[in-house]
Amino acid sequence: MNKRSWRRDSEVATVEMQRMTKDFGARRAVNDVSFRVPEGAITGFLGPNGSGKTTTLRMALGLVTPTSGVALFDGRRYSDIAAPRRVVGALLEATGFHPARTGRDHLRVIAQITGVPDTRVDEVLEIVELGSAANDKVRTYSLGMRQRLGLGGALLGEPEVLILDEPGNGLDPSGMAWLRALLRSQAAEGRTVLVSSHVLSEVQQTVDNVVIIQEGTLRFSGSLASLGEASLEEAFLAMTAPHGKA
């Protein structure tokens, strides 16, 4: 069987956030945020802690109901996609693992839900470099290993879109270099990659485009090159400085 023959036949999904807004009672966490995530590239989603990044990603994936606005994947809401895990692979936090399951068994459960064969599990274990620990209980995994396992779950369906929230958490320097190469390879294959991170030096080495939000409001959306001669850190700090401070 051809390696990809079990996948649905589809185009790469373009991701669009359209006027996304979320209120939690009297507090507005995300305020009228709109941006487009180009395919075949890596887009960094940046903002200080509490800026609304994770809430925006959770709204896009249907985990939080927007007060208004919509997120679209090739023109469809996540909830309207027939086989969503084959279109969108997501890692929002490396939790939710059954501690008594092995890494392989964890991915087998997701493979069954996703509708992909068990052979894909072993392929993914090699991609995330957990082959030698595949039969170990997840409770024995380090934070970095759990992060890799979470990435493996996101990759199982060979999705057209990857949405990753702080995927570098727990990874050591060699792990960060591995992650950078992995994301680059995914984008090179034409996938749409949206990744949030607070490690600006790593983001600058990895992404093609940047979206910056502060206090739930969009501050910038464009290519990394369009920031000009300023470093990403300089541009980020200028755009997210508290009111009245330079």
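All of the numbers you see were taken from the coordinates with simple rules; none came from a lab. None of the values given here were measured: they were computed from a predicted structure. As a convention, Cβ positions derive from the backbone with ideal geometry for all residues, glycine included, and neighbour counts pool all protein chains shown.
Worth pointing out:
- Proportion of all alpha-carbon pairs of the stretch 15-240 beyond 24 Å (%): 43 percent
- Restricting the stretch 145-246 to GluC sites (Glu not before Pro) in coil, as DSSP defines it, with at most 14 other Cβ within 10 Å: GLU189, GLU229
- Across the stretch 15-240, the mean sequence separation of Cα contacts (distance under 8 Å, 6 or more residues apart), normalised by length, yields a relative contact order of 29 percent.
- For the stretch 16-114, relative contact order (Cα pairs under 8 Å, six or more residues apart, normalised by length) works out to 25 percent.
- When the helices of the chain are scored as -39500 (n - 2.57) per DSSP H run of n ≥ 4 and the total is divided over every residue, the value at 222 nm lands at -9000 deg cm²/dmol.
- Counting beta carbons within 10 Å around each of ILE163, ILE113 and listing the fewest first gives the order ILE113, ILE163.
- Nearest 10 degrees, 0 to 90: helix 143-155 Cα axis against the chain principal axis: 80 degrees
- Environment charge at ARG101 (Cβ cut-off 14 Å; Lys +1, Arg +1, Asp -1, Glu -1): +3
- Spin-label model, SER34 to GLN205: label points 7 Å out along the Cα-to-beta-carbon direction sit 3.7 nm apart.
- Surrounding net charge for GLN186, when Lys and Arg each add one and Asp and Glu each subtract one, Cβ distance under 13 Å: -2
- For the pair GLU123 and LEU63, a Förster radius of 25 Å applied to the C-beta separation gives a FRET efficiency near 0.35, rounded to the nearest 0.05.
- The angle between the Cα long axis of helix 103-114 and the longest principal axis of the Cα atoms of the chain comes to about 80 degrees, rounded to the nearest 10.
- Tilt relative to the chain, helix 173-188 - C-alpha long axis, 0 to 90 degrees, to 10: 90 degrees
- Summing charges over all other residues whose Cβ lies under 12 Å from the Cβ of ASN209, with Lys and Arg as +1 and Asp and Glu as -1, gives -1.
- The modelled label-to-label distance between LYS137 and ARG76, using points 7 Å beyond Cα along the C-beta direction, is 4.0 nm.
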